[in-house]
Amino acid sequence: MDAAKLLDIMLGAILINNFIFSQFLGICPFMGVSKKTDTAAGMGMAVIFVMGLASAICWVINRFVLVALGLQYLQTLAYILVIAALVQFVEMFLKKAVPSLYSALGIYLPLITTNCAVLGVVLLNTQNNYNFIESVVYGVTGGIGFLIAIVLFASIREKLRFADYPKAFEGFPIALVTAGLLALAFMGFSGMSIPW
Amino acid sequence: MNKIVKLALILFAFSAVVALLLGMVNVVTEGRIAALEKEKQDKAMQEVLPSSGYEELEYTGGNPNILNVFKAGDAGYVVKVVESGSQGNVEMIVGLDSSFTVTGVSIVKHQETSGLGAVAASTGADGQAFRGQFVGLTNASVTKDGGTVEAITGATITSRAVCRGVNDAIAAAKTVG
Amino acid sequence: MNVKKQFKDGLITQNPVLVQLLGMCSTLAITTSLFNGIGMGLSVIIILTCCNIAISALRKVIPNDIRIAIYVVVIAGFVTIVDLLLKAFIPALSEALGVFIPLIVVNCIIIGRSEAFAAKNSVGASALDGIFQGLGYTLVLVAMCVIREFLAKGAFGGGMLDVANGFKVVFDGTGSGIQIFPSHYGALIMALPVGGFLTLGCLIALMQHLLSKGGKKKSEKKEAAE
């Protein structure tokens, strides 16, 4: 196992190729659940969890079922079913085991199914031929990148009501412009690479 | 409990029908997709090092980035190599003559940013100029790192990835040659 | 069902991207050349229409409890079919759009229209809804592409219009487009993620402005009539 490669994947997923700001994956929940910092943080946590778990399970299914049987064309279908089932399972599990976390996440849990960052990460794992550990690391750190992005964005958005902007930009447009500026800031990371 | 079983069966039936349909489409498209990919690779190989035939060699060097090594008759070697660029993997084909000097580079697959990193693979004049810089080199690095390759404006990471690919290809060809 | 109203809803008053704010990811990600925008738009029109038809036809058979799961399966099926066909027949487009083709599965427009429209309406109306909503989406994609491509590279119709070899439209992504001003004067930032966010923000702002203006006029007219 190449530690440098893992570090490279981590750094890439969290900062350089941040899912939100450079890959455009998971924009819907990013825009929808970022009005308050604490719900944004809850969503981010849930996404880390589901992305990590989905990466692991989908890797196993792809490797031992789809590739083994030559059914790669069923990838998208299999992955989305795994994710939907996983989210459902996590929901049931949390409800029984950790009710406090369950009520904190509330309606955001089922929404994760249609978070394209989750399906995106498993598809990218397959596309990049990551092995099991790399896939899980990419999934978890991709989720961390999402968490950082959404918390930063939510905390700026909370302050937006003090800002003075044209009326037409009310609501969504000004949020998009803010996200654009954040993306600009994240571009600063793009020169970074790990010296081999 | 009965209800859950029934629902599961319905979902299963839907999935089975969809999977069956996909299987049918796949039969039609599979051959074409494979043929297209092969054609693209053959074209790229002819571009970097023209030869009447390519014979795949077994590579045992252990570099996971090396996908295939081919011997192009007496002309030299063609190596297919993958490196991580700025947005994902960059897959390229590197041609080398028998003294391991680069004869050409062709980028077959990438996900780099359009207008920046993607220039490396473009068929336009700027892309050709970038790839042309590698011809005649035996060791590639961008000017920022003290080499001779002018990086694409705003896409040093992609340029570095191509340099790494060329160097890996040279090293791999040397182990089999 | 009123076809004219559906048409207007899809393209303007209920535009999926600008008003319903669905399908952001692909709108932001792939709109860097006209070729991508039109290709993605057409793919979504086809998939959305097929899904709407299928789900509307099956709406009486689908149990309510697991409807979302079944929608997802149906959508994933159509998306994979389109993905395979593109790979086999228009490989340039499949490469340009990359992972965003399979990601149409989780494009909120499709699941949103299935849930909000196709599950409640007849097959014919659902098919029309699919076409018009898809057209509305395509319209926004094309607008984004034209704006971003012009500002970033000073070009129009990249990948689709081949000017160098006579003026013609090509579908393999090799056309160079019309160069309106030299590309090195362009603001490359518009081709980057930042440009996507800013362009979409401005487009939605424009839409909100126009809609509120239209709304005001209507209410003024009403008042005048009274």
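The values are calculated or read from the model by the stated rules, or taken from the named source; none is laboratory data. Here the structure is a predicted model, which is why all the values come from computation and not from measurement. Cβ sites come from the backbone with ideal geometry, for glycine too, and all protein chains shown count toward neighbours.
Those residues that are assigned to a helix (DSSP H, G or I) and either out of contact with any helix residue (DSSP H, G or I) (no Cβ under 8 Å at 6 or more places or on another chain) or crowded, with 23+ Cβ neighbours inside 10 Å (or both), I need them from the range C:1-27; list them, please. Show your work before the answer.
Step one: of the range C:1-27, the residues assigned to a helix (DSSP H, G or I) are C:3-13, C:24-27.
Correct list: C:4, C:5, C:8, C:10, C:24, C:25, C:26, C:27.
Is it the case that the range B:11-23 has a residue that's in a helix (DSSP H, G or I), in contact with a Lys or Arg (Cβ under 8 Å, 6 or more places away or on another chain) and buried (at least 16 other Cβ atoms within 10 Å of the Cβ)?
No, because not a single residue in the range B:11-23 is in a helix (DSSP H, G or I), in contact with a Lys or Arg (Cβ under 8 Å, 6 or more places away or on another chain) and buried (at least 16 other Cβ atoms within 10 Å of the Cβ).
Mind telling me which of the residues C:154, C:134, C:159 ends up being modelled with pLDDT under 85, in contact with a helix residue (DSSP H, G or I) (Cβ under 7 Å, 6 or more places away or on another chain), away from chain A (no Cβ under 14 Å) and surrounded by 20 or more Cβ atoms within 10 Å (Cβ to Cβ)?
Numbers: C:154 fails: surrounded by 20 or more Cβ atoms within 10 Å (Cβ to Cβ); C:134 fails: modelled with pLDDT under 85.
Only one candidate passes the filter, namely C:159.
Restricting to the range B:59-92, count the residues that are crowded, with 23+ Cβ neighbours inside 10 Å and out of contact with any Leu (no Cβ under 9 Å at 6 or more places or on another chain).
The total comes to 3.
Among the residues of the range C:28-40, are any in contact (Cβ under 8 Å) with a residue 40 or more places away in the chain, crowded, with 23+ Cβ neighbours inside 10 Å and under 15 Å from residue C:113 (Cα atoms)?
No, that holds for no residue.
For residue B:67, state whether it is over 13 Å from the mean Cα position of the chain (by Cα), farther than 30 Å from residue C:156 by Cα and away from chain C (no Cβ under 14 Å). Steps first, please.
Working: over 13 Å from the mean Cα position of the chain (by Cα): no; farther than 30 Å from residue C:156 by Cα: yes; away from chain C (no Cβ under 14 Å): yes.
Criteria not met by residue B:67.
Results for (1) crowded, with 18+ Cβ neighbours inside 10 Å; (2) out of contact with any Leu (no Cβ under 9 Å at 6 or more places or on another chain), shown as yes or no for each residue.
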| site | (1), (2) |
| --- | --- |
| A:3 | no, yes |
| A:23 | yes, no |
| A:30 | yes, yes |
| A:44 | yes, no |
| A:48 | yes, no |
| A:52 | yes, yes |
| A:55 | yes, yes |
| A:77 | yes, no |
| A:81 | yes, no |
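Could you check residue C:44 against (1) surrounded by fewer than 24 Cβ atoms within 10 Å (Cβ to Cβ); (2) at pLDDT 90 or above; (3) more than 10 Å from chain A (Cβ to nearest Cβ) and say which number it fails?
(1)
For the range A:18-44, enumerate the residues that are outside any helix (DSSP H, G or I), closer than 26 Å to residue C:110 by Cβ and touching a residue at least 24 places away in the same chain (Cβ under 8 Å).
Taking the range A:18-44 first, the residues outside any helix (DSSP H, G or I) are A:18-26, A:33-36.
Cutting the leftovers down to closer than 26 Å to residue C:110 by Cβ gives us A:18-26, A:33-35.
A:18, A:19, A:20, A:21, A:22, A:23, A:25, A:26, A:33, A:34, A:35, listed by residue number.
Is there a residue being of a type in the set (Phe, Trp, Tyr), modelled with pLDDT of 85 or more, closer than 18 Å to residue B:46 by Cα and in contact with a Cys (Cβ under 9 Å, 6 or more places away or on another chain) anywhere in the range B:123-135?
Going through the range B:123-135, the residues of a type in the set (Phe, Trp, Tyr) turn out to be B:130, B:134.
From the residues that got through so far, the ones that are modelled with pLDDT of 85 or more too are B:130, B:134.
So of that shortlist, the ones also closer than 18 Å to residue B:46 by Cα come out as B:134.
From what's left, in contact with a Cys (Cβ under 9 Å, 6 or more places away or on another chain): B:134.
Checking the range B:123-135: at least one residue is of a type in the set (Phe, Trp, Tyr), modelled with pLDDT of 85 or more, closer than 18 Å to residue B:46 by Cα and in contact with a Cys (Cβ under 9 Å, 6 or more places away or on another chain).
For the structure I just gave you, tell me whether residue A:165 is buried (at least 21 other Cβ atoms within 10 Å of the Cβ) and touching a helix residue (DSSP H, G or I) at 6+ places or on another chain (Cβ under 9 Å).
Values: buried (at least 21 other Cβ atoms within 10 Å of the Cβ): no; touching a helix residue (DSSP H, G or I) at 6+ places or on another chain (Cβ under 9 Å): yes.
Considered against the rule, which asks whether it is buried (at least 21 other Cβ atoms within 10 Å of the Cβ) and touching a helix residue (DSSP H, G or I) at 6+ places or on another chain (Cβ under 9 Å), residue A:165 comes out as no.
Mind checking which residues of the range C:76-94 are within 7 Å of another protein chain (Cβ to nearest Cβ) and either touching a residue at least 24 places away in the same chain (Cβ under 8 Å) or among the small types (Gly, Ala, Ser) (or both)?
Residues satisfying the conditions are C:76, C:77, C:79, C:88.
Looking at the range B:31-58 only, could you name the residues that are more than 8 Å from chain C (Cβ to nearest Cβ) and touching a Leu at 6+ places or on another chain (Cβ under 9 Å)?
B:48, B:49
Identify all residues within the range C:48-75 that are outside any helix (DSSP H, G or I) and at the interface with chain B (Cβ under 10 Å from one of its Cβ atoms); write none if there are none. Break it down into steps so the answer makes sense when it comes.
First, the residues of the range C:48-75 that are outside any helix (DSSP H, G or I): C:58-63.
Those that are outside any helix (DSSP H, G or I) and at the interface with chain B (Cβ under 10 Å from one of its Cβ atoms): C:58, C:61, C:62, C:63.
Does residue A:66 satisfy the criteria of being in a helix (DSSP H, G or I), more than 22 Å from residue A:88 (Cβ to Cβ) and within 14 Å of another protein chain (Cβ to nearest Cβ)?
Numbers: in a helix (DSSP H, G or I): yes; more than 22 Å from residue A:88 (Cβ to Cβ): no; within 14 Å of another protein chain (Cβ to nearest Cβ): yes.
So residue A:66 fails the test.
Taking the condition surrounded by 22 or more Cβ atoms within 10 Å (Cβ to Cβ), over 20 Å from residue C:200 (Cβ atoms), of a type in the set (S, T, N, Q) and out of contact with any Leu (no Cβ under 9 Å at 6 or more places or on another chain), does residue C:126 pass? Reasoning before the result, please.
Details: surrounded by 22 or more Cβ atoms within 10 Å (Cβ to Cβ): yes; over 20 Å from residue C:200 (Cβ atoms): yes; of a type in the set (S, T, N, Q): yes; out of contact with any Leu (no Cβ under 9 Å at 6 or more places or on another chain): yes.
So residue C:126 passes the test.
Please enumerate the residues belonging to the range B:152-171 that are touching an Asp or Glu at 6+ places or on another chain (Cβ under 9 Å) and small (Gly, Ala, Ser).
Selection gives B:155, B:159, B:161, B:165.
Restricting attention to the range C:95-121, which residues are more than 11 Å from chain A (Cβ to nearest Cβ) and either farther than 17 Å from residue C:54 by Cα or touching a residue at least 24 places away in the same chain (Cβ under 8 Å) (or both)?
The first filter runs over the range C:95-121 and keeps only residues more than 11 Å from chain A (Cβ to nearest Cβ), leaving C:95-97, C:113-114, C:116-121.
Across the range C:95-121, the qualifying residues are C:95, C:96, C:97, C:113, C:114, C:117, C:118, C:119, C:120, C:121.
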